[in-house]
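The values are calculated or read from the model by the stated rules, or taken from the named source; none is laboratory data. If you're wondering where the values come from, they're calculated on a predicted model, not measured in any experiment. Virtual Cβ from ideal backbone geometry, glycine too; neighbours counted across all protein chains shown.
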Amino acid sequence: MDTKEWALIIFTILAQMSVGSFLVLGALHYLARRAKGEEWADRLSNYALVAIGPVLVLAILASLLHLGNMINAPRAITNIGSSWLSREILFVLIFAVLGGAFAIMQWRKIASFSVRNIVAILAAVAGAGLVYTMARVYMIPNQPAWNSLATPISFFSTTVLLGLFAVGAAFVVTFATARKQDPGCEEELCTLMRSSLRWIAVVAVVVLGVQLLATSLYLTTLSAGSVAMQETARVTISNYGLLLALRVALVFAGAGILGFFIFQAASAPGRERTLGNLALSAFVLVLVAEVVGRYLFYATHVALGL
């Protein structure tokens, strides 16, 4: 695999993690606001919101490496009417602008809550559009292994899983930092963190089930498909079987096993240290699993005519 494909792995993974984090953070902020009020919801969420921007910037920089020559960057957006790649770039820019605008408005408390909420919803829609256009870039006729519903399912499941555990890890860091700065905030933030991590664990297990089922159906479909699809299945099992098994084991351990223990640890106070270690470990395992999965996505495809 050459450097440009590694750039694509970094870009797609980090961009999807940014979108997923924004979506998950928005949902959890809404629930926290209803439970404890806007002030405490902001104290839990604002640090996590800070981290999304740098991750997206790194993703964009990685995408520029894929172009090879930076001079080509402006040309990549000139075919919006006919090119999914141009639409992908457009959605990256829209998501970055709206997400950045919302972050500034949220930190500075610019405009009313309703106005900020509208900007956040528009940014979330742009983020979902970005993931969809990412998937459509690869759904082309001469790449039968990519040209199926498996690609958007894979991309969206990665988006949600990485978003869930990235936000979970950010909440743990936020809680630890806030507890050192202001011991009086511990009880309220602890309650919000535990409640949020319980939701994260439950949703993660559901998404994990969807992802594992989709992977099984994908491999079965490849085995019964065209010559190119069968070759992709053969390459996946024969050449990358151990790597595929590692990927499944990592995502199952992170989202499934550790997700179960996160739910248990978050069900009662007094286990915050254990809960933090579990959340951070789950994020690392899921992140590595998704990077391995995206590597397999690029390494195993077989084009028609080759």
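Taking the condition of being over 14 Å from THR215 (Cα atoms) and either touching a residue at least 24 places away in the same chain (Cβ under 8 Å) or buried (at least 18 other Cβ atoms within 10 Å of the Cβ) (or both), how many residues in segment 244-260 meet it?
Of all residues in segment 244-260, those over 14 Å from THR215 (Cα atoms) come to 250, 253-260.
Now drop any that are not either touching a residue at least 24 places away in the same chain (Cβ under 8 Å) or buried (at least 18 other Cβ atoms within 10 Å of the Cβ) (or both), which leaves 250, 253-256, 258-260.
Residues flagged as over 14 Å from THR215 (Cα atoms) and either touching a residue at least 24 places away in the same chain (Cβ under 8 Å) or buried (at least 18 other Cβ atoms within 10 Å of the Cβ) (or both) within segment 244-260 amount to 8.
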Inset, instruction - Inspect segment 93-108 for any residue being assigned to a helix (DSSP H, G or I), over 21 Å from the mean Cα position of the chain (by Cα), of a type outside the set (A, V, I, L, M) and surrounded by fewer than 16 Cβ atoms within 10 Å (Cβ to Cβ) and give the result as yes or no. - result: yes
Inset, instruction - Might you let me know whether segment 215-226 holds any residue that is without any contact (Cβ under 8 Å) to a residue 40 or more places away in the chain and of a type in the set (Phe, Trp, Tyr)? - result: no
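When you go through ALA178, ALA145 one by one, which is the residue that is closer than 30 Å to ALA253 by Cβ, more than 24 Å from the chain's Cα centre (by Cα) and of a type in the set (Gly, Ala, Ser)?
Numbers: ALA145 fails: more than 24 Å from the chain's Cα centre (by Cα).
Sole residue among the options that is closer than 30 Å to ALA253 by Cβ, more than 24 Å from the chain's Cα centre (by Cα) and of a type in the set (Gly, Ala, Ser): ALA178.
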Inset, instruction - Select the helices (runs of 4 or more DSSP H) contained entirely in segment 219-306, then report the ones holding at least 1 residues which are within 19 Å of LEU192 (Cα to Cα), out of contact with any His (no Cβ under 9 Å at 6 or more places or on another chain) and acidic (Asp, Glu). - result: 272-299
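Within segment 269-305, how many residues are out of contact with any Cys (no Cβ under 8 Å at 6 or more places or on another chain) and in contact (Cβ under 8 Å) with a residue 60 or more places away in the chain?
The initial filter retains those residues of segment 269-305 that are out of contact with any Cys (no Cβ under 8 Å at 6 or more places or on another chain), namely 270-271, 273-305.
In the following step, the residues that additionally are in contact (Cβ under 8 Å) with a residue 60 or more places away in the chain were identified as 275-276, 279-280, 282-283, 286-287, 290-291, 293-305.
Adding up the residues that qualify gives 23.
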Legend entry - Qualifying position, being modelled with pLDDT of 95 or more, touching a helix residue (DSSP H, G or I) at 6+ places or on another chain (Cβ under 9 Å) and in a helix (DSSP H, G or I), among SER45, SER18, SER86, SER63: SER18
